[in-house]
Amino acid sequence: MMDAPMTTLVFGHKSPDTDSTGSPLIWAWYLSEIKGTEAEAVLLGEPNTEAAFMLEKWDLDKPRIIEGVAADQPVVIVDTNNPAELPDGINDADIQAIIDHHKLVGGLETKGPIDIRIEPLACTATIMRKMIGADLAKAPEAVKGAMLSCILSDTLEFRSPTTTEEDKAVAEELAADLGVDIPSYAAEMFAAKSDVSAFSDSELLRMDSKEYEVGGKSFRVSVLETTSPETVLARKASLMETMPTVAVEDGVDQVLLFIVDILNEESTMLIPNELTKQVAEKSFSTVCGDGDTVVLPGVVSRKKQIIPNLAV
């Protein structure tokens, strides 16, 4: 008697945002209900406040959180292809597919040929919409709601320079189908994202962050997207005190924190020391002076505007 096939785990990156929470749910539904492959959405950490809002709004169960994956465990990786953002031992798992919208990093190893879909779109869920095709008509409202939420989050309601016409068209299609007013719903999402009162400084610095190496220096690049930047800036002193501790604990040279003002489409970067000052001035052609912050007009996207410009 043959053993039953193992359930395929679907997950995104560590420090899961809305896309890395919603897209696993979307794809696990598609695999299970349409393709006949038993699949489960899981998370690599607690979802952020906006993702938690999405789960509650659409009555979706929070996926269970896993610490790692066993050897030969079938997995589908979404919203990343970077081993640093995935569990240790990921190359011992049986990677079945990768669906992503980030640059190809390298370092993942598979046990055989797999399906890989990486497109220059703002959101993984937009790619999934194309892959699911006409079968989306069979999806429950919760799956469509998750898809809409992912796109509005990753595009900052179409304000981000990563936004494409495809992302916008899919979001508008979903909103019309669900009877959702995009500006009103996006405002609810961003309000949820802006409520960070329950999080410690170290949690804030890690909440939406990714590690990058530039010019021989390693950075944890943290982004806090908010409609209330003054709420975060009120904690500026304690955040700057905590940044060196987080850097040491996470094995990086420096934490870079960008507070993205969604409505005014600008970022405020904290400047606690000479290294961050050097990075700000070389990366963004700005002058910091003696202040401990610098405003970067028009900078809202880590993927397209912050990371590509980082220099030391």
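The values are calculated or read from the model by the stated rules, or taken from the named source; none is laboratory data. Quantities reported herein were computed from a predicted structural model and do not represent experimental measurements. Note that each Cβ is placed from the backbone with ideal geometry, even for glycine, and that neighbours are counted across all protein chains shown.
Overview of results
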| read-out | value |
| --- | --- |
| Filtered residues of segment 281-302 (kept if in contact with a Lys or Arg (Cβ under 8 Å, 6 or more places away or on another chain) and closer than 18 Å to residue 220 by Cα) | 293, 300, 302 |
| Any hit, segment 38-52, residues being closer than 25 Å to residue 134 by Cα and in contact (Cβ under 8 Å) with a residue 40 or more places away in the chain | no |
| Residue pairs meeting the criteria (Cβ under 7 Å; at least 6 apart or on separate chains; first at positive phi, in segment 112-126; second among the aromatic types (Phe, Trp, Tyr) and surrounded by 15 or more Cβ atoms within 10 Å (Cβ to Cβ)) | none |
| Wholly within segment 220-305, helices (runs of 4 or more DSSP H) carrying at least 3 residues that are in contact with a strand residue (DSSP E or B) (Cβ under 8 Å, 6 or more places away or on another chain), touching a residue at least 24 places away in the same chain (Cβ under 8 Å) and within 30 Å of residue 189 (Cα to Cα) | 229-233, 236-250 |
| Single match in 202, 160 (criterion: among the hydroxyl-bearing types (Ser, Thr, Tyr), part of a loop (DSSP other than H, G, I, E, B) and out of contact with any Gly (no Cβ under 8 Å at 6 or more places or on another chain)) | 160 |
| Some residue of segment 69-78 being within 28 Å of residue 200 (Cβ to Cβ), of a type in the set (Gly, Ala, Ser) and either touching a helix residue (DSSP H, G or I) at 6+ places or on another chain (Cβ under 8 Å) or not assigned by TED's automatic domain parsing to the domain that holds residue 94 (or both) | no |
| Some residue of segment 159-166 being within 19 Å of the chain's Cα centre (by Cα), surrounded by fewer than 18 Cβ atoms within 10 Å (Cβ to Cβ) and within 24 Å of residue 230 (Cβ to Cβ) | yes |
| Restricting segment 101-157 to residues that are out of contact with any Gly (no Cβ under 6 Å at 6 or more places or on another chain) and of a type in the set (Ser, Thr, Tyr), the residue that is surrounded by the most Cβ atoms within 10 Å (Cβ to Cβ) | 124 |
| Output for segment 82-91, where each listed residue is modelled with pLDDT of 95 or more and surrounded by fewer than 16 Cβ atoms within 10 Å (Cβ to Cβ) | 91 |
| Residue selected from segment 174-197 under the condition of a type in the set (D, E, K, R) and in contact (Cβ under 8 Å) with a residue 12 or more places away in the chain, by the criterion farthest from residue 101 (Cα to Cα) | 195 |
| Residue that is farthest from residue 159 (Cα to Cα) [pool: residues in segment 273-312 that are under 23 Å from the mean Cα position of the chain (by Cα) and polar (S, T, N, Q)] | 283 |
